[in-house]
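> Okay, here's the structure, questions in a sec.
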Amino acid sequence: MADRIKVTNPATGEIVEEVAAHSTEEIEARIEKVAAGFQSWKKVNAHERARLLKKWSDKIQEQKEDIAKVMTLESGKPLKESLGEVDYATSYIDWFAEEAKRIYGRTIPANTESKRIIVTRQPVGVVAAITPWNFPAAMMTRKAAPALAAGCTFIVKPAVETPLTTMKFIELAHEAGIPEDAVQYVNASGRKVGEIFTGSPRIRKITFTGSTPVGKHLIQDSADTVKHVSMELGGHAPLIVAKDADLDFAVTQTMTSKFRNAGQTCICANRVLVAKEVVDEFAEKLVKEAAKLKVGNGLDKGTQVGPVINGDGFEKVVSQIDDAIEKGADVLLGNEFNKDDDKGYYFIHPTVLKNVTSDMVIMQEETFGPVLPITVFDTIEEAIEIANNTPFGLAAYFFTNDYRTGNYLHEHLDFGVVGWNDGGPSAAHAPFGGMKESGIGREGGIEGIEPYLETKYLSIGGFE
Ligand code: NAP
């Protein structure tokens with residue numbers, strides 16, 4: 001990679017800014033810096049760490065409008081969503097600032113009068129993070145906040161498409177008083193930084209959000225130095241609409257789940273499974289709503305669906321649509337594009353496909369675009385079978401007002417995040433993460449700080 005990274009606006013193809021790409025030596029120097037900083041940061045008491053984290057969050061909020069604009073420029077997402085992401089990102093800092101004060105140990109009754117047993121928790125050490133472009137702020141704070149709260153130091157590599165939001169966040173962390181040797185970023189290609197991070201004996205933990213193939217690679221490469229790993233990987237979320245569901249509500253929630261960030265979220269509804277009794281009515285209502293979505297530049301007022309991130313992303317989505325049509329799917333809406341290969345922008349209009357079947361690629365692979373495939377099922381058992389029949393297990397949704405059906409679905413769906421009559425389940429106070437090839441570990445909730453802590457047990461003998 002060149003020594004400059006050109007950050008481009010996916011809505012226009014124009015260059016937003018150029019940033020320096022770090023050399024191997026520079027990356028290693030920053031790792032050394034946070035490794036040295038660990039010795040002092042781990043000694044800062046939990047209440048002070050909490051205070052500094054809260055100050056960081058406040059500083060971000062003070063600049064919310066400017067940050068959101070930059071996020072839209074580099075990621076293409078509508079400004080309203082960027083504003084929402086800044087709030088979502090700071091909600092993790094606020095949550096883990098509080099959790100810093102709740103890192104408890106315990107005592108264990110011994111099996112002899114002469115001993116006392118005490119369990120304490122300590123930070124794992126230097127944490128290295130690699131994050132994706134689809135949520136440039138929140139995927140970083142979900143990692144940085146618990147790491148810093150636990151007393152770890154932290155270094156992050158953002159995606160080359162979206163480094164600006166991360167750089168601003170780290171600058172504000174320093175302004176808030178979090179030491180420069182406690183939190184750092186590096187900019188370079190994922191392949192290069194991945195090799196340096198996983199190969200470094202200084203780094204004790206790798207935390208990653210991104211695609212499943214890259215996650216597997218990082219797990220393998222972390223084995224030599226037996227690092228802790230947390231992996232937030234790809235999803236392929238099923239959304240099940242039972243015959244008794246409130247269809248209007250299900251449609252509203254499906255819209256939120258599917259078309260946010262132009263369908264480029266790991267938990268967006270990728271496979272919509274509808275009971276045969278209501279499939280026509282559901283599809284008709286959904287198409288009516290999806291047709292109203294305004295596609296355009298995220299900075300334009302009223303835009304609800306921005307561009308996809310780049311040409312590769314575009315090609316993947318279009319090939320899935322083509323494959324589905326070839327194998328017999330009906331296009332109810334969309335299959336329209338506005339793109340310019342020379343300038344480098346790619347818009348996909350909201351697309352709804354019906355009569356989608358399991359042999360189509362769109363039912364097997366993550367889509368990452370504003371395309372909603374509808375398939376039909378006869379029984380709830382069949383819906384569960386289809387839903388579970390992929391290597392992924394991140395998020396699943398179902399809509400039913402029957403508590404028995406709902407409970408049955410909840411118990412049988414193999415997914416880490418489940419929304420029952422809820423198309424937007426993510427929250428800083430809840431544990432987010434995937435089963436199967438969708439990941440290892442949880443982010444958020446009281447579970448979210450655990451991966452940044454080691455357990456140490458002390459056995460004291462010699463009592464009378
Ligand atoms: P990606 O290609 O895996 O990239 C994500 C990050 O990994 C980028 O920073 C990228 O660097 C880096 N990377 C690429 N190749 C690497 C390598 N060989 N070694 C180390 N790092 C490497 O994923 P993406 O397409 O950008 O992001 C979308 C994926 O993220 C989807 O699969 C989505 O489901 C998943 N995701 C999951 C969650 C979750 O919480 N489970 C949340 C959001 C997204 P570059 O800058 O060089 O590209």
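> Which of the residues that make up segment 415-446 are outside any loop (DSSP other than H, G, I, E, B), within 13 Å of the ligand (Cβ to nearest atom) and on the phi < 0 side of the Ramachandran plot?
V417, F432, M435, I440, E443
> Additional query: Could you list, in sequence order, all residues of segment 337-360 that are part of a strand (DSSP E or B) and among the polar types (S, T, N, Q)?
Passing the criteria: N338, T351.
> What's the total number of residues in segment 361-375 that are buried (at least 22 other Cβ atoms within 10 Å of the Cβ) and not in a loop (DSSP other than H, G, I, E, B)?
Here is the first cut: in segment 361-375, the ones buried (at least 22 other Cβ atoms within 10 Å of the Cβ) are 362-363, 366-375.
Still in the list and also not in a loop (DSSP other than H, G, I, E, B): 362-363, 371-375.
Selection size over segment 361-375: 7.
> Output the residues belonging to segment 334-360 that are under 19 Å from L286 (Cβ atoms) and open to solvent by 30 Å² or more (accessible area, probe 1.4 Å).
N335, E336, H349, K354, N355, T357
> For S257, all conditions in the list (1) within 16 Å of the ligand (Cβ to nearest atom); (2) in a strand (DSSP E or B) hold save one; what is the number of the exception?
(2)
> Checking the condition part of a loop (DSSP other than H, G, I, E, B) and touching a strand residue (DSSP E or B) at 6+ places or on another chain (Cβ under 7 Å), which residue from I267, I309, I325 passes? Let's see the steps before the verdict.
Numbers: I309 fails: touching a strand residue (DSSP E or B) at 6+ places or on another chain (Cβ under 7 Å); I325 fails: part of a loop (DSSP other than H, G, I, E, B).
Just a single option satisfies the conditions, and that option is I267.
> Condition (residue is on the phi < 0 side of the Ramachandran plot and in contact with a helix residue (DSSP H, G or I) (Cβ under 6 Å, 6 or more places away or on another chain)) applied to segment 107-116: is it met by at least one residue? Step through it out loud before you land on a result.
Start the filter on segment 107-116 by keeping residues that are on the phi < 0 side of the Ramachandran plot, which leaves 107-116.
Right, trim to in contact with a helix residue (DSSP H, G or I) (Cβ under 6 Å, 6 or more places away or on another chain) and you get none.
Checked against the condition, which is being on the phi < 0 side of the Ramachandran plot and in contact with a helix residue (DSSP H, G or I) (Cβ under 6 Å, 6 or more places away or on another chain), segment 107-116 yields no hits at all.
> Identify all residues within segment 68-90 that are under 15 Å from the mean Cα position of the chain (by Cα) and on the phi > 0 side of the Ramachandran plot; write none if there are none.
none
> Take segment 270-301 and flag every residue that is assigned to a helix (DSSP H, G or I), surrounded by fewer than 18 Cβ atoms within 10 Å (Cβ to Cβ) and out of contact with any helix residue (DSSP H, G or I) (no Cβ under 7 Å at 6 or more places or on another chain).
The answer is D280, E284, K288.
> Among the residues that make up segment 199-206, is at least one of them polar (S, T, N, Q) and more than 30 Å from N9 (Cα to Cα)?
Yes, segment 199-206 contains at least one residue that is polar (S, T, N, Q) and more than 30 Å from N9 (Cα to Cα).
> Read through the list (1) more than 15 Å from the ligand (Cβ to nearest atom); (2) surrounded by 17 or more Cβ atoms within 10 Å (Cβ to Cβ); (3) under 30 Å from E28 (Cα atoms), then give the number of the only condition that Q122 fails.
All conditions are met except number (2).
> Within segment 235-244, can one find any residue that is in contact with a strand residue (DSSP E or B) (Cβ under 6 Å, 6 or more places away or on another chain), open to solvent by 50 Å² or more (accessible area, probe 1.4 Å) and away from the ligand (no atom under 16 Å from the Cβ)?
Checking segment 235-244: at least one residue is in contact with a strand residue (DSSP E or B) (Cβ under 6 Å, 6 or more places away or on another chain), open to solvent by 50 Å² or more (accessible area, probe 1.4 Å) and away from the ligand (no atom under 16 Å from the Cβ).
> Let me ask something else. So which residues in segment 408-446 are open to solvent by 80 Å² or more (accessible area, probe 1.4 Å) and closer than 19 Å to L148 by Cβ?
Once the filter is applied, which keeps residues that are open to solvent by 80 Å² or more (accessible area, probe 1.4 Å) and closer than 19 Å to L148 by Cβ, segment 408-446 yields H429, I446.
> Going through segment 5-21 one residue at a time, which ones are in contact (Cβ under 8 Å) with a residue 40 or more places away in the chain, open to solvent by 20 Å² or more (accessible area, probe 1.4 Å) and over 28 Å from K301 (Cβ atoms)?
Across segment 5-21, the qualifying residue is only A20.
> If you don't mind, there's one more thing I want to ask. Is it true that some residue in segment 325-332 is more than 24 Å from G235 (Cα to Cα), in contact with an Asp or Glu (Cβ under 9 Å, 6 or more places away or on another chain) and either surrounded by 22 or more Cβ atoms within 10 Å (Cβ to Cβ) or among the aliphatic types (A, V, I, L, M) (or both)?
Yes, because at least one residue in segment 325-332 is more than 24 Å from G235 (Cα to Cα), in contact with an Asp or Glu (Cβ under 9 Å, 6 or more places away or on another chain) and either surrounded by 22 or more Cβ atoms within 10 Å (Cβ to Cβ) or among the aliphatic types (A, V, I, L, M) (or both).
> While we're here: Kindly indicate whether any position in segment 321-341 is under 25 Å from the mean Cα position of the chain (by Cα) and touching a residue at least 40 places away in the same chain (Cβ under 8 Å). It would help to see each step written out before you state the result.
Taking segment 321-341 first, the residues under 25 Å from the mean Cα position of the chain (by Cα) are 321.
With the extra rule that they be touching a residue at least 40 places away in the same chain (Cβ under 8 Å), the set shrinks to 321.
Yes, segment 321-341 has at least one match.
The values are calculated or read from the model by the stated rules, or taken from the named source; none is laboratory data. Note that the structure is a prediction, hence the values are computed from the model and not measured. Positions of Cβ are backbone-derived with ideal geometry, glycine not excepted, and every protein chain shown enters the neighbour counts. Surface accessibility is based on the protein's heavy atoms, side chains included, excluding ligands, DNA and RNA. Shrake-Rupley method; radii C 1.70, N 1.55, O 1.52, S 1.80 Å.
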